[in-house]
Amino acid sequence: MIKLSYDIENYRRDLLDLVNSGDDVIELGCHLGGTTKLLAEDCNIIAIDNSPEAVDEMVKFDNVKFISGDVRLHEVLGETFKIIQSCDVLAIDLGGGYHPDTVFKVFYIWSSTFKPKHTVIRNRGILEFFNSAKGSGEEIICEDGYLETYHDSGIPPLIKEFDLWTPSLKK
């Protein structure tokens, strides 16, 4: 199942409804750990964020594996894959107003790699698009937390388009 929200309280409620004790959770955009704190006692969490403020806050969690990095970078995906090869829940909160195309690409890369049972995405643009869209009558439905189209794709290749939009990511 894939759930979308913009409101942080809805995002957290959706996560708490989906997560079971002992689940493996990958949290992209853990920020200062507000959501992490709600999940940390019952779950195995790998939390990832690239803000300097996150580093200081995430060391307070003994049972959370924290990676300081940009989730758009293939190297960060690879570092996470060395730790865990699948997850039960993928939580994506890249700042609710972040560009929806970037958030969708991050979802594609991470969900097709880790094949979560559930994904929860917090992003206004994606939610607005979903709620505004009218289909042509075709029904393509997936009950998993990733797109079935990418079921057997393994780790996706580096998405070259990131270079077009985020030149600051180049080393």
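So that you can scan it fast, the table gives a plain yes or no per residue for (1) touching a helix residue (DSSP H, G or I) at 6+ places or on another chain (Cβ under 8 Å); (2) surrounded by fewer than 16 Cβ atoms within 10 Å (Cβ to Cβ):
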position: Met1; (1), (2): yes, yes
position: Arg12; (1), (2): yes, no
position: Gly33; (1), (2): yes, no
position: Asn44; (1), (2): no, no
position: Glu75; (1), (2): no, yes
position: Glu79; (1), (2): no, yes
position: Gln85; (1), (2): yes, yes
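Could you list, in sequence order, the residues of segment 60-73 that are assigned to a strand (DSSP E or B), under 16 Å from Asp93 (Cα atoms) and either among the aliphatic types (A, V, I, L, M) or open to solvent by 80 Å² or more (accessible area, probe 1.4 Å) (or both)?
First, the residues of segment 60-73 that are assigned to a strand (DSSP E or B): 64-68.
Retained after the next criterion (residues that are under 16 Å from Asp93 (Cα atoms)): 66-68.
Result: Ile67, single match.
Can you name the residue in segment 76-105 that is among the charged types (D, E, K, R) and at pLDDT 90 or above and is also nearest to the chain's Cα centre (by Cα) among such residues? Please lay out each step first, then the result.
Applying the first criterion (among the charged types (D, E, K, R)) to segment 76-105 yields 79, 82, 88, 93, 101, 105.
Retained after the next criterion (residues that are at pLDDT 90 or above): 79, 82, 88, 93.
Values: Glu79: 15, Lys82: 17, Asp88: 12, Asp93: 7 Å.
Checked segment 76-105; the qualifying residue nearest to the chain's Cα centre (by Cα) is Asp93.
Name the residues in segment 87-109 that are open to solvent by less than 40 Å² (accessible area, probe 1.4 Å), part of a loop (DSSP other than H, G, I, E, B) and either among the acidic types (Asp, Glu) or in contact with a Lys or Arg (Cβ under 7 Å, 6 or more places away or on another chain) (or both), would you? Before the answer, list the steps.
Restricting attention to segment 87-109, the residues satisfying the condition of being open to solvent by less than 40 Å² (accessible area, probe 1.4 Å) are 87-96, 102-103, 105-107, 109.
Adding the requirement that they be part of a loop (DSSP other than H, G, I, E, B) leaves 87-88, 94-96.
Asp88, Gly96 - these are the residues of segment 87-109 that are open to solvent by less than 40 Å² (accessible area, probe 1.4 Å), part of a loop (DSSP other than H, G, I, E, B) and either among the acidic types (Asp, Glu) or in contact with a Lys or Arg (Cβ under 7 Å, 6 or more places away or on another chain) (or both).
With respect to Glu53, determine if the residue is open to solvent by 10 Å² or more (accessible area, probe 1.4 Å), without any contact (Cβ under 8 Å) to a residue 40 or more places away in the chain and in contact with a Gly (Cβ under 6 Å, 6 or more places away or on another chain). Quick ask: steps written out before the conclusion?
On the way: open to solvent by 10 Å² or more (accessible area, probe 1.4 Å): yes; without any contact (Cβ under 8 Å) to a residue 40 or more places away in the chain: yes; in contact with a Gly (Cβ under 6 Å, 6 or more places away or on another chain): no.
Here the answer is no, as Glu53 does not meet what is asked.
When segment 23-59 is examined, which residues are found to be of a type in the set (A, V, I, L, M), out of contact with any Cys (no Cβ under 8 Å at 6 or more places or on another chain) and in a helix (DSSP H, G or I)?
Across segment 23-59, the qualifying residues are Leu38, Leu39, Val55.
The values are calculated or read from the model by the stated rules, or taken from the named source; none is laboratory data. As the structure is a prediction and not an experimental result, all values here were calculated from the model. Please note: Cβ atoms are built from the backbone with ideal geometry, for glycine as well, and neighbour counts cover all protein chains shown. Please note that ligands, DNA and RNA were not included when accessible areas were found on the heavy atoms of the full protein model with its side chains. Shrake-Rupley method; radii C 1.70, N 1.55, O 1.52, S 1.80 Å.
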